[in-house]
Amino acid sequence: MIFHGQTRTAVHSRQAALGQRQGESLQNHFTLSAMLLYAQLVIGCGFVLYQQVGTPGYMSILLLFLPMTGLYFISCRLAEKTGIREGLMGKTADVLLFVCLLMDAQLSLYAFTAIVREILPDYNTALITLVTLICVLPSLHRQHSHALPSFARLLRYPMVVGLGISMLGSMRYGRLDHLFPLLGRGAESVLSGAFWMSTSLSAALTPLLIRTPPSGKLQRRQGYRSLSIGLLLGAATALVAAYLMPYHFLTLPDALGTRLLMPIKVHPALISWSVTVCLMMLLMLVSLSASLSRGLHLLSHVTGRPVGTGLAFLLVPLPALSTDIARQIVLNLPMIRLVCILGTVLLLGMGCLAKKGRAKK
Amino acid sequence: MNDKTLGKSYEKNKSLIENAVQAQKNEDMKIRPFRMAGKQAAYVFIDGMVDLTRVQLFVMDPCMDVKELPPDEELSDFITGQVLRLASVEVTTSLDNVLMRICQGDGALIVDGMEGAVIGEVKGYSRRSIGQPVNETVIMGPHEGFCETMRDNVVLIRRLMRTPKLISEAVTVGDQTPMRVSLMYLNGVAPRETVDEIRRRIQGCRVDYVSSIGMLGQLLEDNPYALVPQTLITERPDRAVSFLLEGQVVILMENAPLALVMPVGLLHHYHAPDDTSMRWQYGTFLRLLRMAGMLIALFLPAVYVALTVFHPEGMSLSLLTSVLESQSKVPLSLFPSMLLMLLAFSLINEAGARVPGAMGASLSIVGGIILGQAVVVADLFSPLLIVVVAISGLGIYAVPSYPLTLALRIAQLMLVVLAGLAGYAGIVMGTFLLLTRLCSLTSLHFPYFSPLAPGRPANPDAIIRMPVWRQRLRGYTANAFRMNRAVGPMRAWDKEDKQ
């Protein structure tokens with residue numbers, strides 16, 4: 001039996017329903033990207049704020065975000081319009097992006113183990129690393145590929161509320177003059193920090209270059225809104241962290257875990273401490289799984305068949321297990337990321353030009 | 001004609017049925033032979049399953065009063081059209097069909113020369129009358145619950161929803177003992193794919209017997225190894241109707257005083273039946289309370305263990321002193337104490353559900369005095385730990401879905417174990433594993449966390465409950481082109497209503 005009016009609207013409605021599902025996938029995809037971006041910013045702040053590589057993150061976010069966004073848009077448009085992702089150039093670009101994502105995963109795992117080591121000093125790093133990787137393993141399963149983006153979407157409000165709770169709980173201890181000594185360090189320091197942070201940003205934006213579900217302009221705009229919120233949240237976190245901490249705290253050469261948890265260690269309170277610690281760890285886990293799953297997705301595209309998680313599991317734990325490797329990666333990370341991003345953009349651009357040339361002939 | 005088919009011969013048909021029902025051994029299986037205008041006939045039924053008065057008045061008397069019979073070819077039409085005074089009659093040649101209908105409480109008439117048998121509906125077995133729902137009580141709402149008779153349950157729903165678009169499809173499940181199942185849905189509102197898929201799954205169940213609707217639910221759900229239920233069971237017809245309006249399918253089964261609803265998400269288990277009956281402020285307040293209860297039930301014991309055992313630095317000095325003082329006299333460490341207390345609490349719950357009514361008071365004494373007071377006096381458990389377990393227990397009781405409370409209890413125990421092993425890190429890892437797994441679940445291909453993740457168009461009726469006139473959409477489970485519940489303003493009389 002056909003319901004009244006069903007025959008006239010069924011086709012249109014099925015298309016609309018399909019569009020809706022694609023929109024959902026895209027929104028989830030962007031929410032996960034925003035969370036990855038935020039995690040990278042938080043880790044970046046852990047390095048930058050403590051003079052590991054330079055100067056405050058919020059400054060560099062404001063200064064150098066625009067050029068990187070420009071690069072992203074150019075690459076994205078080129079890849080979408082010309083459809084060169086299937087060719088050799090596109091596959092090489094995917095390998096470069098995989099390297100970026102592997103770096104993200106390594107940093108996330110390193111940050112996670114650092115936080116766990118900070119709150120559980122008696123536990124062995126290798127054991128923590130192994131357990132963490134086992135924990136993220138189910139979320140990388142191909143059949144559950146939609147689970148992680150959905151989880152990110154589910155987590156966004158608790159994340160914002162939790163951050164709000166932890167920030168508001170500590171804000172009364174902050175002082176405005178904590179912000180200024182950092183800003184007056186001179187151009188060289190500012191630029192080096194800015195370079196580090198902007199490459200962090202660009203690395204976090206790379207997941208967007210991966211094939212996204214087909215979508216309309218409106219859905220895409222909503223996705224960009226998610227990214228902007230992730231970015232703003234990162235900047236706000238960096239500002240609040242700097243606002244809370246007295247200057248002399250920043251000069252201490254502490255471990256990454258200590259640095260990441262320092263803003264709440266300055267003035268601990270039960271709820272804000274618990275919420276911040278748990279959210280930070282959850283964020284790092286999401287970031288780790290997101291980087292790994294997208295990296296594996298890229299590799300699968302390059303090889304043309306599903307790639308097991310074993311390969312990534314061999315490469316990811318290295319920095320978490322060795323502080324020396326971690327330090328080398330952190331110091332060289334900006335350059336590696338920049339090379340990967342520029343290489344991707346160049347490859348995609350060359351592929352596009354070559355295709356246009358062939359079309360003219 | 002094969003052996004399983006009834007023919008024209010009275011003797012052969014009678015013998016087939018006699019052998020199939022084992023009439024020599026089955027003392028309640030009755031085969032009543034008689035003469036119908038000189039021809040041999042018999043009426044087959046199960047004593048106690050049929051209404052004997054109806055059989056006498058509307059089957060036997062009219063048959064025996066027949067003076068003349070038409071030719072054999074017209075015999076079945078004559079009997080169904082002019083002799084039997086029953087509302088529902090059917091002619092069949094399938095022996096299996098005849099046996100199934102007899103077992104369901106109907107009677108079969110065989111007449112010499114008539115091909116097959118005439119089955120008439122004369123059910124008259126004793127049944128429970130419609131009573132109040134036992135486990136889904138509400139403060140504001142109807143007080144009728146389903147009973148064991150499927151036909152009555154269908155009527156209960158039809159009475160609440162008087163529209164020809166309400167479809168009740170009959171399906172059977174079970175190979176050895178087929179059970180009648182009714183698929184109820186609102187035509188046009190429930191997606192056709194959903195109905196087809198449920199029908200396909202029910203027909204694809206290869207079991208000898210389905211004993212309960214809970215068993216049927218387990219056979220139908222997408223992820224049988226998942227911790228949480230992917231079907232919903234209700235004993236309230238009004239709730240079943242609310243699901244039908246959302247485009248879901250309600251499954252009723254013979255002998256089950258419950259209805260199975262598919263597809264469902266986590267939020268369906270979180271909503272209580274009378275949420276909509278209340279004003280939106282009260283409904284929202286109760287839902288937030290429920291949500292807080294769920295979170296407390298899930299995390300409070302684990303957080304308490306993690307804070308006390310691994311992260312005392314997170315606590316203020318006064319709180320830490322109080323916790324350590326209360327724990328200092330207890331011989332057991334906190335982690336095993338918590339596990340034992342949670343298990344004891346679950347044990348009391350289970351015993352409470354199984355204990356006969358007259359012994360309920362004894363259980364209260366055991367639970368309240370012995371476990372509650374004596375263990376504190378004997379310094380077996382710290383008072384603070386008992387407070388934590390009691391509050392988390394209250395949180396569990398606030399959840400309206402019983403299967404979900406069981407899932408919460410298991411998850412609670414798992415998180416306590418992880419917290420006892422690795423503090424907050426364990427809790428976070430456990431939560432990550434649990435939530436990513438839940439996000440990967442589906443119920444009939446609908447994501448389990450919809451409409452939250454992935455975000456789908458839905459009423460402002462997920463976590464909180466906004467006013468009814470703002471609930472203009474059906475659920476995400478409804479047909480995509482029948483999403484709107486109302487056209488124009490719902491409060492059309494209110495000129496200033498902005499909606």
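Quick note: the coordinates plus some simple rules give every number you see, no bench work behind them. Quick caveat, the model's predicted, so the values are computed rather than measured. Cβ sites come from the backbone with ideal geometry, for glycine too, and all protein chains shown count toward neighbours.
Distance between the 7 Å Cα→Cβ label points at B:Gln176 and B:Met291: 4.9 nm.
Segment B:258-376: Rg/Rh from Cα coordinates, Kirkwood Rh? Walk me through the numbers before you get to the answer.
Numbers: Rg = 19.4 Å, Rh = 18.2 Å.
When Rh is taken as the Kirkwood radius, the ratio is 1.07.
Using a simple spin-label model with pseudo-atoms 7 Å out from Cα toward Cβ, A:Ile325 and A:Leu88 lie 3.3 nm apart.
Count Lys and Arg as plus one, Asp and Glu as minus one, and take only other residues whose Cβ is under 12 Å from that of B:Arg158; the net charge is then +3. As a proxy for reagent exposure, ranking A:His144, B:His269 by other Cβ atoms within 10 Å from fewest up yields A:His144, B:His269.
All Cα-Cα distances of chain B, cut into 10 Å bins from zero to the largest, leave 4, 15, 21, 19, 16, 12, 7, 4, 2, 0, 0 percent in each bin in turn. On the basis of the beta-carbon distance and an R0 of 25 Å, B:Asn484 and B:His445 show a calculated FRET efficiency of 0.65. Count the net charge of all other residues whose Cβ sits under 12 Å from the Cβ of B:Ile79, scoring Lys and Arg as +1 and Asp and Glu as -1. Summing Lys and Arg as +1 and Asp and Glu as -1 gives -3. For the residue pairs B:Lys4/B:Lys123; B:Lys165/B:Lys495; B:Lys123/B:Lys165; B:Lys8/B:Lys123; B:Lys8/B:Lys30; A:Lys265/B:Lys329, alpha carbon separations beyond 23 Å are given by B:Lys4/B:Lys123; B:Lys165/B:Lys495; B:Lys123/B:Lys165; B:Lys8/B:Lys123; A:Lys265/B:Lys329. I need the calculated FRET efficiency for the pair B:Glu313 and A:Ile271, taking r as the beta carbon distance and R₀ as 22 Å, to the nearest 0.05. It comes out at approximately 0.95.
Got the relative contact order for segment B:280-443 handy, in percent, Cα pairs under 8 Å and 6 or more residues apart? Here the relative contact order equals 43 percent.
By other beta-carbon atoms within 10 Å, ranking B:Thr177, B:Thr321 with the fewest at the front produces B:Thr321, B:Thr177.
Taking the centroid of alpha carbons for each part, segment B:163-238 and segment B:306-337 are 50 Å apart. Helical content of chain B, expressed as a calculated mean residue ellipticity at 222 nm, amounts to -12500 deg cm²/dmol (DSSP H runs of 4 or more residues, -39,500 (n - 2.57) each, divided by residue number, nearest 500).
Sorting B:435-447, B:348-360, A:289-301, B:35-47 by average packing, meaning the other beta carbons within 10 Å per residue, from highest down gives A:289-301, B:435-447, B:35-47, B:348-360.
As a proxy for reagent exposure, B:Ile110, A:Ile119, A:Ile134, A:Ile329 were ordered by neighbouring Cβ count within 10 angstrom, fewest first; the result is A:Ile134, A:Ile329, A:Ile119, B:Ile110.
Geometric descriptor of segment B:10-120, per residue, is 88 Å³ (volume of the convex hull of the Cα atoms). Of the trypsin sites (Lys or Arg not before Pro) found in segment B:90-137, those that fall in a DSSP loop while having at most 11 other beta-carbon atoms within 10 Å are B:Arg128. Count Lys and Arg as plus one, Asp and Glu as minus one, and take only other residues whose Cβ is under 15 Å from that of A:Met280; the net charge is then +2.
Could you tell me which of rounded, prolate or oblate describes segment B:280-443, using a ≥ b ≥ c as the square roots of the eigenvalues of the alpha-carbon gyration tensor, with rounded for a/c under 1.5 and, failing that, prolate when a/b is larger than b/c and oblate otherwise? If you can, show how the numbers build up before the last one.
Working: a/c = 1.66, a/b = 1.05, b/c = 1.59.
Oblate, because a/c is 1.5 or more while a/b does not exceed b/c.
With a ≥ b ≥ c taken as the square roots of the eigenvalues of the C-alpha gyration tensor of segment B:401-489, please select rounded if a/c is under 1.5 and otherwise prolate if a/b is larger than b/c or oblate if it is not? Numbers along the way, then the final one.
Details: a/c = 3.03, a/b = 2.56, b/c = 1.19.
Since a/c reaches 1.5 and a/b is larger than b/c, the shape of segment B:401-489 is classed as prolate.
Modelled label positions at B:Val207 and B:Ser15, each set 7 Å beyond Cα in the direction of Cβ, lie 3.9 nm from each other.
Can you bin segment B:230-317 into rounded, prolate or oblate? Criterion: square roots of the alpha carbon gyration tensor eigenvalues sorted a ≥ b ≥ c, rounded for a/c under 1.5, prolate for a/b above b/c, oblate for the rest. Judged from the Cα gyration tensor, segment B:230-317 comes out prolate (a/c at least 1.5, a/b above b/c).
Please work out the FRET efficiency for the pair B:Lys25 and B:Tyr125, using the Cβ-Cβ distance as r and a Förster radius of 22 Å; give the result to the nearest 0.05. Kindly include the intermediate steps, with their values, before the conclusion.
On the way: r = 21 Å, r/R0 = 0.95.
For B:Lys25 and B:Tyr125, the calculated efficiency is 0.60.
Mind pulling up the Rg/Rh value for segment B:150-264? Radius of gyration and Kirkwood radius, both on Cα.
A ratio of 0.93.
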